[in-house]
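See structure below.
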Amino acid sequence: MGSRARKTAAAAVGLALLALGAVAQPAWAHKGHQPHHNLRGQVLTTAVAAPFGLAVSGKKVYVADGMAGTVTTTSGKTVVSKPGYDVAGVDVSARKKSLAYTFTNGDHTEAGLIITARGKADVVADIAGYEAANNPDGASTYGIVGGSNACAEEILGGLTGGQATYPGIVDAHPYAVANVGSSWLVADAGANAIFLVSRTGKVSTYAVLPPQVITITDDMAAGLEESFGAPAGSFSCLAGVSYAFEPVPTDVEVDRKGAAYVTVLPGGPEDDSLGARGAVYRIGRSGQATKVASGFLGATDLALGSDGTIYVTELYNGRVAAVRGKKVSTAVKIDSPLAVEASGRKLYVSTMGEIDFSTGEVLSPGSVVKFTLRR
């Protein structure tokens, strides 16, 4: 549904993901067992709770922990400490001279990208300010776009906490960052857009992700009833309604030719009640987004392999998928994967910890695991 729905229906990422409640924690992370996967993995750290972002630079692996508000290395060094903020994305420049990370406060009134380099003053890009002034997806239409009826409008408007059909609203939540030349691309899960940030902190719109339109079937309506605990048959009037969900960009990576690849959560329920609707888009330098793969259940991150393989974490499907052309297979089976990075034959995967979000208590940790890919 939309930004409003993601808050009420627990279907976004980052700080909004915390509203999901405790995510199942893999037993191996704290009982000494190996994860269930088809590759042998090495646990690099369990000193993380919500490792939303990874960056690999040489032998260093940087981890953005949204729960702790930190960027650390897997060797235990704290690089950034911003308590009280969701620090979700991190990347290092190609020449390893600067590091950039995203931050967002609880009500999204403060959100931006900080570029830091040794011996220089930090550069702060005000993404929340840019979003408030420009609202790049303001021209997009979300909600009911076909087959409307009064019953459906009442139900779907109630679930989103507003109108059943609405334009893009102002909401900044920078969630991932990728270095490109002397600039940075930022995937903003609230703005539904990819921003370009210059080395001086100037923000501009690189691309707006398209609405994610589905036509609700009888089975989908029944699945929504179950998800929201509604009486059987009470959502039957939704069948036949076409609904445009907000895209929720969760990661951005850039290939050697300069094309950007973006994972999106498709808004609304992220379980399988409406099917596996996560997708990967390719964005050319013109800013046009083209879907290259879909059918993911909780696409929270991606990585680009040197051989052209696209790796996608499926948070709710317990795997990292490998996309090669039109074929999608399983690269790694692992519980609650959040982020993934590829470097040579190494694949780095982070997993979500088990957290009681009503108290903020970390019941068991997340992890970062290194896998060696087969040739």
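Compute the FRET efficiency between Arg95 and Asp219 as 1/(1 + (r/R0)^6), taking r as their Cβ-Cβ distance and R0 = 51 Å, and round to the nearest 0.05. It would help to have the intermediate numbers written out before the result.
Values: r = 52 Å, r/R0 = 1.01.
Given R0 = 51 Å and the Cβ-Cβ separation, E is 0.50.
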task: Give the long-range amide H neighbours of Ala207: residues separated by 5 or more places, or on another chain, with amide H under 5 Å away, using H modelled in the peptide plane at 1.01 Å from N.
output: Ile194
- prompt: In nanometres, what is the gap between the two model label sites at Phe357 and Thr372, each 7 Å from Cα along Cα-to-Cβ?
  reply: 3.8
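State which entries of Lys59/Lys97; Lys60/Lys96; Lys257/Lys333; Lys96/Lys120 exceed 20 angstrom in Cα-Cα distance in the structure shown.
Table pairs above 20 Å Cα-Cα are Lys257/Lys333.
Please state, as a whole number in µm²/s, the translational diffusion coefficient that the Stokes-Einstein equation yields for segment 272-341 at 20 °C and 1.002 mPa s, with Rh defined as the Kirkwood radius across alpha carbon pairs.
175
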- request: Can you bin segment 305-345 into rounded, prolate or oblate? Criterion: square roots of the alpha carbon gyration tensor eigenvalues sorted a ≥ b ≥ c, rounded for a/c under 1.5, prolate for a/b above b/c, oblate for the rest.
  value: oblate
- request: Quick one: among Thr359, Thr313, Thr330, which has the greatest mean-square fluctuation in a GNM of the chain with alpha-carbon springs under 10 angstrom?
  value: Thr359
message: For segment 85-165, take N as its residue count and report Rg(C-alpha) divided by 2.2 N^0.38 Å.
response: 1.65
task: Please report, to two decimal places, log10 I(q)/I(0) for segment 132-288 at q = 0.14, 0.16, 0.17 Å⁻¹ as given by the Debye formula with identical point scatterers on the Cα atoms and no solvent.
output: -0.72, -0.87, -0.95
- request: Determine Rg/Rh for segment 143-234; Rg is computed over alpha-carbon atoms and Rh is the Kirkwood hydrodynamic estimate from the same atoms.
  value: 1.14
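Going by how many other Cβ atoms sit within 10 Å of their own, how do Ser358, Ser367 line up, fewest first? Can you show the working numbers first?
Values: Ser358 8, Ser367 30.
Ascending Cβ contact count within 10 Å gives the list Ser358, Ser367.
Please order Met220, Met352 by the number of other Cβ within 10 Å, starting at the fewest.
Numbers: Met220 20, Met352 30.
Fewest to most other Cβ atoms nearby, the residues stand as Met220, Met352.
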- prompt: Using θ = phi - 60° and the Karplus curve 6.51 cos²θ - 1.76 cosθ + 1.60, what whole-Hz ³J(HN,Hα) does each residue of segment 154-163 get, with Gly and Pro shown as x?
  reply: 5, 5, 6, x, x, 5, 8, x, x, 6
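Tell me, in nm to one decimal, what length is gained between Gln288 and Asp107 on full extension, where the rule is 0.36 nm per residue of separation less the Cα-Cα distance? Display every interim value, and only then the final one.
Numbers: separation 181, 0.36 × 181 = 65.16 nm, distance 3.04 nm.
So the extension gain works out to 62.1 nm.
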message: Return the equivalent ellipsoid semi-axes of the chain as a descending list in whole Å, where each equals the square root of 5 times an eigenvalue of the C-alpha gyration tensor.
response: 31, 24, 20
Pair Val43, Asp307: separation of 7 Å Cα→Cβ label points (nm): 2.9
- request: Sort out for me the Cα centre separation of segment 352-375 from segment 245-268, rounded to whole Å.
  value: 23
query: Between segment 88-160 and segment 168-204, what's the alpha-carbon centroid distance in Å?
result: 7
message: Sequence gap at least 6, Cα distance under 8 Å: using those rules, report the relative contact order of the chain to the nearest whole percent.
response: 18
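Just want to confirm a number: the relative contact order over segment 58-133, from Cα pairs under 8 angstrom separated by 6+ residues, in percent. Before the final figure, lay out each step's value.
Details: 151 pairs, mean separation 13.9, N = 76.
Result for segment 58-133 is 18 percent.
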message: Placing unit charges on C-beta atoms (Lys and Arg positive, Asp and Glu negative, everything else neutral), compute the dipole magnitude of the chain about its Cα centre in debye, rounded to 20.
response: 2420
field: In range of the label at Val170: residues from segment 120-155 whose backbone nitrogen is under 16 Å from the point 7 Å along Cα→Cβ
entry: 126-139
- prompt: Can you tell which of Ala260, Ala176, Ala139 shows the greatest fluctuation in a Gaussian network model of the chain with Cα springs below 10 Å?
  reply: Ala139
message: Can you compute the modelled spin-label distance between Ala121 and Val79, with each label point 7 Å from Cα toward Cβ, in nm?
response: 2.3
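Just so you know, all these numbers are worked out from the coordinates, no wet-lab data involved. Computed from a predicted model, the values in this text were never measured in an experiment. In this analysis, Cβ positions are derived from the backbone assuming ideal geometry, glycine residues included, and neighbour counts consider all displayed protein chains.
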